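> Can you read through this structure? Questions will come right after.
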Ligand code: UDP
Ligand code: MG
């Protein structure tokens, strides 16, 4: 029987503290699966260095020389987590039957990998890693994550709750995903749109093994906003409703003002004027910013800029040598 080739894609941005442990743990899992004849000897770890400023690439290069199953791709600069995942997948898809993406910080339990591979062997094209608890998250992150998934659901975006970018995709699912042309990537929203038979594997999410989070609050918020505006135009509809309500209220005000005037009361008018100016100004500003967000999105999409630039690729070289 022909054995399946697995590539594990690991995006890395300033991960020098955790990388030695990541290589060790993923290496153990991979070689074990090779020994059990579950995956082929061509299976690889593919580290994508996303423009790190520390020794990350030096380490990846060192391990590439040391271990036959370690390979790396180096970006010309920092392009972000989602682009790093995409670059990893597009680099290895021709040589791989299945691709697993996992963070470098060992928060995702590597022991779920053989289970994901089993699901693939049982005929699934997409296997989502779903965390069974958020015990290691802060209270704030738990609440905001819950609110975010709730909001996305109401906006009609299909997401798998508590799943992030730890998942397995078959070759054909990856090819389908790579045909999505958008620059503003929100992979966890895009993968369900690919279709195919999918399943979930549950795992416990741990604390980051070492180093600090590369997703500070600001970046996280930006990512969430991207997720909403890349997948739904509901906020624009909301503005329309808001506008309609405002117009209705202003009609009521108009009638009231006229009645007051006809009945001869002197309208001093200052407070009502101030309130309406502020209220309307606020609504207009919010509305413009929402529309601006979409216009900005269109702007960045029509430019069709490359989503990443690869400076060095030791993956393709190793695979070609192995052919
Ligand atoms: N990452 C990346 N580019 C970036 C930011 C993050 O490749 O610009 C990688 C990072 O190295 C890690 C993964 O994305 O492997 C997830 O980041 P992190 O663990 O810091 O996020 P958190 O788990 O705190 O949400
Ligand atoms: Mg993390």
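The values are calculated or read from the model by the stated rules, or taken from the named source; none is laboratory data. All figures in this text were calculated on a predicted structure; none of them were measured in a lab. Neighbour counts run over all protein chains shown; Cβ positions are idealised from the backbone, glycine included.
> Inside region 150-168, can you point out the residues that are under 18 Å from residue 82 (Cβ atoms) and under 13 Å from the mean Cα position of the chain (by Cα)?
Answer for region 150-168, where residues must be under 18 Å from residue 82 (Cβ atoms) and under 13 Å from the mean Cα position of the chain (by Cα): 159, 160, 163, 164, 165, 166, 167.
> I've got another one for you. Can you tell me how many residues in region 186-211 are in a loop (DSSP other than H, G, I, E, B) and within 12 Å of ligand 1 (Cβ to nearest atom)?
Summing the residues that are in a loop (DSSP other than H, G, I, E, B) and within 12 Å of ligand 1 (Cβ to nearest atom) in region 186-211 gives 7.
Yes/no per residue for (1) modelled with pLDDT of 95 or more; (2) more than 19 Å from residue 317 (Cβ to Cβ); (3) crowded, with 18+ Cβ neighbours inside 10 Å; (4) within 16 Å of ligand 2 (Cβ to nearest atom):
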{"site": "4", "(1), (2), (3), (4)": "no, yes, yes, no"}
{"site": "25", "(1), (2), (3), (4)": "no, yes, no, yes"}
{"site": "37", "(1), (2), (3), (4)": "no, yes, no, no"}
{"site": "46", "(1), (2), (3), (4)": "yes, no, yes, no"}
{"site": "49", "(1), (2), (3), (4)": "yes, no, yes, no"}
{"site": "54", "(1), (2), (3), (4)": "no, yes, no, no"}
{"site": "57", "(1), (2), (3), (4)": "yes, no, yes, no"}
{"site": "74", "(1), (2), (3), (4)": "yes, no, yes, no"}
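> Being out of contact with any helix residue (DSSP H, G or I) (no Cβ under 7 Å at 6 or more places or on another chain), touching a residue at least 24 places away in the same chain (Cβ under 8 Å) and closer than 20 Å to residue 112 by Cβ is true for just one of 17, 36, 21. Which residue is that?
21
> Can I ask one more? Could you tell me which of the residues 254, 240 is under 24 Å from residue 147 (Cα atoms), exposed (fewer than 12 other Cβ atoms within 10 Å of the Cβ) and not assigned by TED's automatic domain parsing to the domain that holds residue 164?
Answer to the selection: 240.
> Among the residues of region 111-143 satisfying the criterion of being within 16 Å of ligand 2 (Cβ to nearest atom) and in contact with a helix residue (DSSP H, G or I) (Cβ under 8 Å, 6 or more places away or on another chain), which is nearest to residue 11 (Cα to Cα)?
Among residues in region 111-143 that are within 16 Å of ligand 2 (Cβ to nearest atom) and in contact with a helix residue (DSSP H, G or I) (Cβ under 8 Å, 6 or more places away or on another chain), the one nearest to residue 11 (Cα to Cα) is 129.
> With 214, 171 as the choices, which residue is within 23 Å of the chain's Cα centre (by Cα), within 15 Å of ligand 1 (Cβ to nearest atom) and either closer than 30 Å to residue 296 by Cα or not assigned by TED's automatic domain parsing to the domain that holds residue 299 (or both)?
Selected residue: 214, the only one of 214, 171 that is within 23 Å of the chain's Cα centre (by Cα), within 15 Å of ligand 1 (Cβ to nearest atom) and either closer than 30 Å to residue 296 by Cα or not assigned by TED's automatic domain parsing to the domain that holds residue 299 (or both).
> Next question, about the same structure. Among (1) assigned by TED's automatic domain parsing to the domain that holds residue 90; (2) modelled with pLDDT under 90, there is one condition residue 316 misses while meeting the rest; what is its number?
Against the list (1) assigned by TED's automatic domain parsing to the domain that holds residue 90; (2) modelled with pLDDT under 90, residue 316 comes up short only on (2).
> Also: Could you please find all residues in region 79-110 being more than 16 Å from ligand 2 (Cβ to nearest atom) and over 17 Å from the mean Cα position of the chain (by Cα)?
Once the filter is applied, which keeps residues that are more than 16 Å from ligand 2 (Cβ to nearest atom) and over 17 Å from the mean Cα position of the chain (by Cα), region 79-110 yields 91, 92, 93, 94, 95, 96, 97, 98.
> Now, a different point. So for region 113-124 (the condition being closer than 29 Å to residue 201 by Cα and within 13 Å of ligand 1 (Cβ to nearest atom)), does at least one residue qualify?
no
> Scan region 174-185 for residues that are more than 15 Å from ligand 1 (Cβ to nearest atom), buried (at least 18 other Cβ atoms within 10 Å of the Cβ) and in contact (Cβ under 8 Å) with a residue 60 or more places away in the chain and report the count.
Selection size over region 174-185: 2.
> Looking only at region 111-158, filter to residues that are surrounded by 19 or more Cβ atoms within 10 Å (Cβ to Cβ) and out of contact with any strand residue (DSSP E or B) (no Cβ under 9 Å at 6 or more places or on another chain); which one of those is modelled with the highest pLDDT?
Of everything passing the filter in region 111-158, 152 is modelled with the highest pLDDT.
> Only residues that are away from ligand 1 (no atom under 16 Å from the Cβ) and assigned to a loop (DSSP other than H, G, I, E, B): list them for region 32-84, please.
Answer for region 32-84, where residues must be away from ligand 1 (no atom under 16 Å from the Cβ) and assigned to a loop (DSSP other than H, G, I, E, B): 36, 37, 38, 40, 41, 42, 43, 67, 68, 69.
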